[in-house]
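Visitor: Got a structure here, written out as structure tokens. Questions coming.
The values are calculated or read from the model by the stated rules, or taken from the named source; none is laboratory data. It should be emphasised that the depicted structure is a prediction, and the values quoted were computed from it without experimental measurement. So basically every Cβ, Gly included, is an ideal-geometry build from the backbone, and we count neighbours across all protein chains shown. These accessible areas exclude ligands, DNA and RNA; they are computed on the full protein's heavy atoms, side chains included. Shrake-Rupley method; radii C 1.70, N 1.55, O 1.52, S 1.80 Å.
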Amino acid sequence: MTGRVALVTGAGRGIGRATAMALADADERVMAVARTQDELQSLAREAPVEFLVGTVATQDGCERIIEETRERLGPISILVSNAGMGSYHERPIWEQDPEIWRGSLAVNLDAAFHLMRLAVPDMTAAGWGRIVVVSSTSGQVGGPAISAYTAAKHGVIGLMRSVAQDVIPFGVTCNAVLPGWVRTAMADADVAVEAERTDRTPEEVWESHAREYAAGRVLRPEEIAAVVAFLASDAASGVNGEAVTVALGGLW
């Protein structure tokens, strides 16, 4: 990699943090974005990244993120749309709160649209760019009481496939990574609710998810970040419009 400007959202923890570190290790100039300043400051102590406290939940928030990244680092070459909202607060469809629906789509789908729309002109002008959106295995299959999360994660794959066709003539690629169960703070929140509903401890739930995979374990954020970093590299120039599942061979 060649010191290009890489914007990573949801970079305070989990997959986003690991991705920011992986891109910084590859000598990219990383702008790490998250809502929590303490997490970003911790990241900046461990890796040579710039950081910005912001939210992708609104169009205005996305516009501010893009504008400030350009002002501080220059034109954007790599966009990793990773910030997400989990499903722990959802309910069966007949009990689903419309505000939860709208909030999930705003963060998990609308944000990717706004960020892509705003960042792509930098990439097409340069004749090179990489867009990677973090979806989920919930973008492939449905699950009970997660209608908003499932719809958003399916939707972002469709968005990616369309954008991939728009941008490839300009030397830009657009792909998605679909993680299975990864031990992150967001997943911990989902597991805590599952544990309460099923009268188990959170650790028992994690153990049950590990048994769903032939490998007998769940994934680490660094394993997802490695795939994102590859898709953001020159080596992945032939990969476009792909939904890459990273789930140890399992559906979830």
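Visitor: Hey, got the dipole for the chain? About the Cα centre, +1 on K and R Cβ, -1 on D and E Cβ, debye to the nearest 20? Could the numbers behind the result be given before it?
Guide: Numbers: 21 positive and 32 negative charges, 87 e Å.
Charge dipole of the chain: 420 debye, to the nearest 20.
Visitor: Right, next: If you count, for each residue, the other Cβ atoms within 10 Å and average over each peptide, how do 100-112, 203-215 line up from highest to lowest?
Guide: Result, highest mean first: 100-112, 203-215.
Visitor: Follow-up. Based on Cβ point charges of +1 for Lys and Arg and -1 for Asp and Glu, what charge dipole magnitude is obtained for the stretch 1-127 about its Cα centre, in debye rounded to the nearest 20? Each step should come with its number before you reach the end.
Guide: Values: 12 positive and 18 negative charges, 35 e Å.
Dipole of the stretch 1-127, to the nearest 20 debye: 160 debye.
Visitor: Just need the relative contact order of the chain here, percent rounded to a whole number, with Cα pairs under 8 Å and 6+ apart. Intermediate values should be presented prior to the final figure.
Guide: Details: 512 pairs, mean separation 50.0, N = 252.
It comes to 20 percent, rounded to a whole number.
Visitor: A further question on this structure: Whole Å is fine, so just give me how far the alpha carbon centre of the stretch 100-114 lies from that of the stretch 34-94.
Guide: The distance from the Cα centre of the stretch 100-114 to that of the stretch 34-94 comes to 13 Å.
Visitor: Run through every distinct alpha carbon pair of the chain and return the Kirkwood hydrodynamic radius in angstroms, one decimal place. Could you put the intermediate results ahead of the total?
Guide: Working: mean 1/r = 0.0551 Å⁻¹.
Across the chain, the inverse of the average 1/r is 18.1 Å.
Visitor: While we're looking at this one, here's another question. Express the carbon and sulfur contribution to the solvent-accessible surface of the chain as a percent, rounded to the nearest whole number, probe 1.4 angstrom.
Guide: On the way: 5800 of 11030 Å².
Of all accessible area on the chain, carbon and sulfur atoms account for 53 percent.
Visitor: May I ask for the net charge around residue 73, where only other residues with Cβ less than 14 Å from the Cβ of residue 73 are counted and Lys, Arg are +1 while Asp, Glu are -1?
Guide: It works out to a net charge of -3.
Visitor: What list of ³J(HN,Hα) values in whole Hz, one per residue of the stretch 96-102 in order, does the Karplus curve 6.51 cos²θ - 1.76 cosθ + 1.60 (θ = phi - 60°) give from phi, with Gly and Pro shown as x?
Guide: 5, 7, x, 5, 5, 4, 5
Visitor: On to the next question. Quick one: Karplus J couplings for the stretch 206-221, per residue in order, coefficients 6.51, -1.76, 1.60, θ = phi - 60°, nearest Hz, x for Gly and Pro?
Guide: 4, 5, 5, 5, 4, 5, 5, 9, 4, 6, x, 8, 9, 8, 9, x
Visitor: Additional query: Return one number: the angle in degrees, 0 to 90 and rounded to the nearest 10, between the long axis of the Cα atoms of helix 37-46 and the longest principal axis of the Cα atoms of the chain.
Guide: Its long axis makes an angle of about 70 degrees.
Visitor: So, with +1 on the Cβ of K and R and -1 on the Cβ of D and E, and no other charges, what is the size of the charge dipole of the stretch 137-252 about its Cα centre, to the nearest 20 debye?
Guide: 240 debye
Visitor: Here's something else I'd like to know. Leaving out ligands and nucleic acids, note down the accessible area per residue over the stretch 122-209 with a 1.4 angstrom probe, in whole Å².
Guide: Using a 1.4 Å probe on heavy atoms only, each residue of the stretch 122-209 averages 39 Å².
Visitor: If you don't mind, another one. Can you tell me, using C-alpha contacts under 8 Å and at least 6 residues apart, the relative contact order of the stretch 198-252 as a whole percent?
Guide: Values: 21 pairs, mean separation 22.4, N = 55.
Relative contact order for the stretch 198-252 comes out at 41 percent.
Visitor: What does the helix-only formula give at 222 nm for the chain: each DSSP H stretch with n ≥ 4 adding -39500 (n - 2.57), the total divided by the residues, and the result rounded to the nearest 500 deg cm²/dmol?
Guide: Values: 9 runs with 117 residues, N = 252.
Rounded to the nearest 500, it is -14500 deg cm²/dmol.
Visitor: What area, in nm² and to one decimal, does the C-alpha convex hull of the stretch 200-252 cast on average over all directions? Before the final figure, lay out each step's value.
Guide: Numbers: hull surface 18.0 nm².
Quarter of the Cα hull surface area: 4.5 nm².
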